[in-house]
Amino acid sequence: AQTVTQSQPEMSVQEAETVTLSCTYDTSESDYYLFWYKQPPSRQMILVIRQEAYKQQNATENRFSVNFQKAAKSFSLKISDSQLGDAAMYFCAYRVTQGGSEKLVFGKGTKLTVNP
Amino acid sequence: EPEVTQTPSHQVTQMGQEVILRCVPISNHLYFYWYRQILGQKVEFLVSFYNNEISEKSEIFDDQFSVERPDGSNFTLKIRSTKLEDSAMYFCASSRFRGPSHQPQHFGDGTRLSIL
């Protein structure tokens, strides 16, 4: 079964600095999708960025980028020029594809604090 | 931007009572999901739903749980006889497509269910 591990329960960063959130996963699949979702306090989970496993190029979305290391099964999120609005829980997620499944498998999350 | 909406935001119920959690997916989405997150634990997949039937369910989704799309807009999760361990945040999600033309799942704000 697929598992997702986020080893950092909490992280903090100074405003305007860069922070990297770690995520590792375990799978026997060769083709899959990985996601980072952001959940601000009392707000819905919002998709931040996604990566298709067959793409070697790391995904980027403005200040957010990933370091996808397929062989190492690592999918870290880098937030550049951190802003106060980036403070949230960040969840790494893996989309299962075997057997036509569409379910997401989540990590436990990393709580990011942005200090002014 | 269209959103997934969930009601109520917080539900308090006596153990043994039935509870219905409601979701309005994004209007042109075809695939619907429920996830739950017990406090301090991972977000876990419960069930996926397409074309008026369950397409996949987890081992958590036992006979006490059911889902329904009673009309063209609502998607509900019913727990027939609640247990203390059902206390959790329940997230509804929807997506437009699946498979190779995969679109990400969009999540609602969640309903916090507290069983007394």
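The values are calculated or read from the model by the stated rules, or taken from the named source; none is laboratory data. No experiment lies behind these values; they were computed from the predicted model shown. Glycine also receives a Cβ, built like all others from the backbone with ideal geometry; neighbour counts cover every protein chain displayed. Heavy atoms of the whole protein, side chains included, go into the accessibility calculation; ligands, DNA and RNA do not. Shrake-Rupley method; radii C 1.70, N 1.55, O 1.52, S 1.80 Å.
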Net charge of neighbours whose Cβ lies under 14 Å from the Cβ of residue A:5, counting Lys and Arg as +1 and Asp and Glu as -1: +2
Most to least packed among B:85-95, A:55-65 [average Cβ atoms within 10 Å]: B:85-95, A:55-65
Neighbourhood charge, 15 Å Cβ-Cβ cut-off, centred on residue A:81 and excluding it, Lys, Arg +1 and Asp, Glu -1: -2
Net charge over other residues, Cβ less than 13 angstrom from the Cβ of residue B:8 (K, R count +1; D, E count -1): +1
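Any chance you could run the full-extension gain for residue A:18 through residue A:70? It's 0.36 nm times the residue separation minus the Cα-Cα distance, nm to one decimal.
Value of the extension gain: 16.4 nm.
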1.4 Å probe accessible area per residue over the stretch A:20-82, in Å²: 50 Å²
Signed unit charges on C-beta, dipole axis of the protein assembly as shown, positive-most listed residue B:8, A:83, A:68: A:68
In Hz, Karplus ³J(HN,Hα) per residue of the stretch A:79-86 (6.51, -1.76, 1.60; θ = phi - 60°; x = Gly, Pro): 10, 9, 6, 3, 10, 4, x, 7
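Within 10 Å of each Cβ in peptide A:97-105, how many partner chain Cβ atoms are there on average? Round it to a whole number, please.
Across the residues of A:97-105, the mean count of other-chain Cβ atoms within 10 Å is 6.
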Extreme residue, positive dipole direction of the protein assembly as shown, given options B:77, B:106, A:51 (C-beta unit charges): A:51
Hydrodynamic radius by Kirkwood, which averages 1/r over all alpha carbon pairs of chain B, in angstrom: 14.2 Å
